[in-house]
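We did not get these values from a lab; they are worked out from the coordinates using the rules stated. Everything numeric here is computed off the predicted structure, so don't read it as measured data. Counting neighbours? That spans all protein chains shown, and the Cβs are built from the backbone with ideal geometry, glycine included.
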Amino acid sequence: MRIVATENAESTGSSDNRAARVRPAEVFLAETDLLRKVIAGMGLRSGDAEDVLQTVSIKCLDHASAFAEPSQCRRWLIRVTMNECVTEHRRRRRFRRHATGIAKHGRGLAAKDPAQDAISSEQRDAVQGALHDLADELLQPLVLRYLCDQSSAQIGEILSLPASTVRSALCKGRMALARALMKRGIER
């Protein structure tokens, strides 16, 4: 799908300011790979990533105003994507609660697939579970720093936090993630 920006009557006037404005849909297309990294870092799998990207693209199309700079729009896109990931996690938690209740009253859980018994699969699941259990205020800076290569200052701009708070959240997040992984039997 290709989104083409069309000029409307108000932008064809003599305003050079409006011509320089950036539309979210244009930046979305350019930053899709970054947004996929954010989604993966937030613990969602590829199928869910496509759903989140679709929701974000719709929000881009619905966003009425343009941004003065691509960096502003990029920060907005990252925030919207992270919020959609948090919403998706909430939906999953509700689903798991209901599914667990149904399974307890049913005949029992189905046997696991043998491929899931591999060590790498167990470790991946443990890491995803540990990331899933982290609080959002710790998970978001970790994702932006280690999967999107953003500096503390850039993360602070995206999350509207001071850089020192971001560094503190990164330290707390790393420690919480390490504790969660050790509880799950993964060390180093």
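Note that segment 151-159 has calculated 3J(HN,Hα) couplings of 7, 4, 5, 5, 5, x, 5, 5, 9 Hz, one per residue in order, obtained from phi through the Karplus relation 6.51 cos²θ - 1.76 cosθ + 1.60 (θ = phi - 60°); glycine and proline are x. Highest mean first, the peptides 142-151, 33-42, 157-166 sorted by other C-beta atoms within 10 Å per residue fall in the order 33-42, 142-151, 157-166.
With one equal scatterer per alpha carbon and no solvent term, the Debye-computed log10 I(q)/I(0) for segment 116-188 at 0.20, 0.25 1/Å reads -0.80, -1.05.
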